[in-house]
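Structure record follows, encoded as structure tokens.
The values are calculated or read from the model by the stated rules, or taken from the named source; none is laboratory data. What you see is a predicted model; the values in this text were computed from it and never measured. All Cβ positions, glycine included, derive from the backbone under ideal geometry; neighbour counts span all protein chains shown. We work out accessible area using only protein heavy atoms, side chains counted, and drop any ligands, DNA or RNA first. Shrake-Rupley method; radii C 1.70, N 1.55, O 1.52, S 1.80 Å.
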Amino acid sequence: MKSYVQIEGLTKSYGDRLLFGDVTLGVYEGDKIGIIAKNGAGKTTFLRCVAGLEQYDSGTVTFRNGLKVAMLEQQPTFEPTSTVVEACLSNAGEAACAISAYEKATLSGDSEALAAAISQMDATRAWDYEERVKQTLTQLRITNFLQPVGELSGGQVKRLAIAGIVLAEPDLILLDEPTNHLDIEIIEWLEDYLKRSRATLLMVTHDRYFLDRVCNSILEIDQHEVFTYAGNYDYYLAKRQERLNAQNAELARVRNLLRTELDWMRRQPQARAGKAKYRIDAFYELDRRSRVQRDDRTVRLENSSSRIGNKIFEAVDVCKSFDNRVILDNFNYVFARYEKVGIVGANGVGKTTFVRLLQGELSPDSGYFDVGETVKFGYYSQEGIKFNESDKVIDAVRRVAEVVVFDERTRYTASQFLQMFLFTPETQQNYIAKLSGGERRRLYLATVLMRNPNFLILDEPTNDLDIVTLTVLEDYLQKFKGCLIIISHDRFFMDRTVDHLFVFEGEGRVLDFPGNYSDYREWSTARKATEAAKVRVETPQQPKRQQTPSNRKTFKERLEFEQLTDEIARLEAEKADIETLLSSGELTDYREITEKSERVEQITARLDEAEMRWLELSEKD
């Protein structure tokens, strides 16, 4: 088994805050490792340190010689003025270099440089690269290849970055929250690609289905240490609990022994006798080990909400479109008390627009929403809110309320409420600018729930939250005494929290499906299989649809075009020379005249074929 990366004694801290210390780890060919930790424990920092994008305090990270490495960051960036295809070529590595060298050699006319460039194009399989770029982008639902990157949405930029990594074919892929901002269809495409790929993976993700189906080992950062588990997510859960149970049992044993040794230490030594030094040293070692404190605190969410009446909302013939894109087409629905609905659909079909219409932030083109008087919305948006970076954590909450009142008997100060979200009195004094992405999302969730809503709308709530917090949030939502709408790409989260789905199918169509996401996926797969079988029965002899040829030359076609141009010129010159010789009367040998005449026929046939192909290629750009 080849060693790809060796990490020795890796340590990283921010000021006096240690994230991880003295981490030693090997990453080997074929490993697919998922990194798990609480928010703020240093998952992203660890990955960036391995990638060389962030400095670490001590230790070494050694890559295998010649290893091709690619990293997908949480928020990829590209040159805004570059086109989609140019952005993909920028990540093409050796193929992009080969293409660039070939184009330069072609322009220079240097035959030796051209020969070397052609050899490099062959070696890197760059001839078909342009077509592979377009094919991969199309699979990721990006079809406007000449669109400037600056015009793409956040989800499209993420898909573009994924396409670049797929095309680069690296040996080792580092992924930081790869499923954030992707819809479920693309997540499943990426999941399938990574399962089939021979690439080695090291990734941070909170998507539990993704972890379970892709990873073959789990790395957990806990209490500044790293623990590895050779199995998928379910295996990790079982083995982690075993580890914690063993740690707790050992800690209890140490503390019991410490009490015995403490009594011995307090006793005066007998006359002319002293206490054994080895036992005194052992006592202090026991004392040190007994002081280990596990931070097993989790977010605590009180299941309380303001009263909600029988009338929630009714949608009557609601229509909404933007330009030529239809979001809702005569949508009708009566929302029931305590209903929990998940919303799924491809990016851009109008999921977020729907919840903004419901809250009155947008107006329908026709129709209306009739919302009950007792409904009190709590909206957790995908974009979040913009905190003042110079504020302290406690200040951000106090701007909403000094006291959080759930009912007559349940009220919290702002500081007490923040402690339920794992912000200790000390961390409440930290500036927001220093918070990690996950800590910001946790703070945002606190500001939404402290308003005590009875109708929660959560738009991509799982982005950047750690798995522990997600589990607590799922439990809270299951017991929530109010109404709920969730837009999420996290299939595990949806399965645990919703009763039925609104499936946005595009063109204004909304399917009300009675079940969770796994139920819908199973039903959808069966329906597609039935429809495909029906098509095969009805049209058994149906010919394959011809693909529309591209109107741009591939690199291979450019080379062919140049070779044809040279060949046509050479053949025409040879034909002219032979015809001149035949008409001069200089040839007297019958066999030689016959050979030359046959050669003219061969040249004429080849010229007809070459000129026809040359004309076909000349019509392409």
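Loop-located trypsin sites (Lys or Arg not before Pro) in region 96-173 (DSSP state other than H, G, I, E, B) with a sparse environment of at most 15 neighbouring Cβ atoms within 10 Å: Arg125.
Per residue, region 325-460 exposes an accessible area of 46 Å² to a 1.4 Å probe, with every protein chain left in place.
In region 101-219, the portion of solvent-accessible area held by carbon and sulfur atoms comes to 48 percent [1.4 Å probe, whole percent, DNA, RNA and ligands not counted].
The angle between the Cα long axis of helix 94-108 and the longest principal axis of the Cα atoms of the chain comes to about 30 degrees, rounded to the nearest 10. Rg/Rh for the chain (Cα atoms only, Rh after Kirkwood) is 1.12.
The charge dipole of the chain, taken about the Cα centre with unit charges on the Cβ atoms of Lys, Arg (+1) and Asp, Glu (-1), comes to about 4480 debye, rounded to the nearest 20. Residue ranking by accessible heavy-atom surface, 1.4 Å probe, largest first, among Met121, Met1 comes out as Met1, Met121.
3J(HN,Hα) couplings calculated from phi for region 379-396 with the Karplus curve 6.51 cos²θ - 1.76 cosθ + 1.60 (θ = phi - 60°) are, in sequence order, 10, 9, 8, 5, 7, x, 10, 8, 6, 6, 4, 8, 6, 8, 4, 5, 5, 4 Hz; Gly and Pro show x.
If you wrap the Cα atoms of region 57-191 in a convex hull and average its projected area over all directions, you get 10.5 nm². Cross-link partners for Lys386 among the aspartates and glutamates, with Cα-Cα distance under 17 Å and sequence neighbours closer than 8 places in the same chain left out: Asp395, Glu439, Asp459, Glu460, Asp464.
These residues, Glu373, Glu426, Glu54, Glu474, go from largest to smallest accessible area, 1.4 Å probe, as Glu373, Glu426, Glu54, Glu474. With Cα atoms defining each centre, region 16-30 and region 343-415 are spaced 39 Å apart in the structure.
The accessible-area ordering, largest first, of the residues Met612, Met71 stands as Met612, Met71, per a 1.4 angstrom probe. Lys351 exposes around 20 Å² of accessible area when a 1.4 Å probe is run over every protein chain in place.
Compared with the direct C-alpha span, the chain from Glu112 to Ala576 gains 164.1 nm at full extension, assuming 0.36 nm per residue. The length gained on full extension between Glu79 and Asn144, counted as 0.36 nm times the residue separation minus their Cα-Cα distance, comes to 21.7 nm.
Residue separation of Asp395 and Asn430 scaled by 0.36 nm, minus their Cα-Cα distance, works out to 11.6 nm of gained length. For region 402-533, dividing the convex hull volume of the Cα atoms by the residue count gives 143 Å³ per residue.
Taking the protein heavy atoms of region 460-536 in the context of the full set of protein chains, the accessible area attributed to carbon and sulfur is 53 percent at 1.4 Å. Report the calculated FRET efficiency for Ser13 and Glu185 (r = Cβ-Cβ distance, R0 = 30 Å), to the nearest 0.05. Working from the Cβ atoms, E equals 0.15. Please give the net charge around Ala569, taking every other residue with its beta carbon less than 14 angstrom from that of Ala569, where Lys and Arg add +1 and Asp and Glu add -1. Local net charge: -4.
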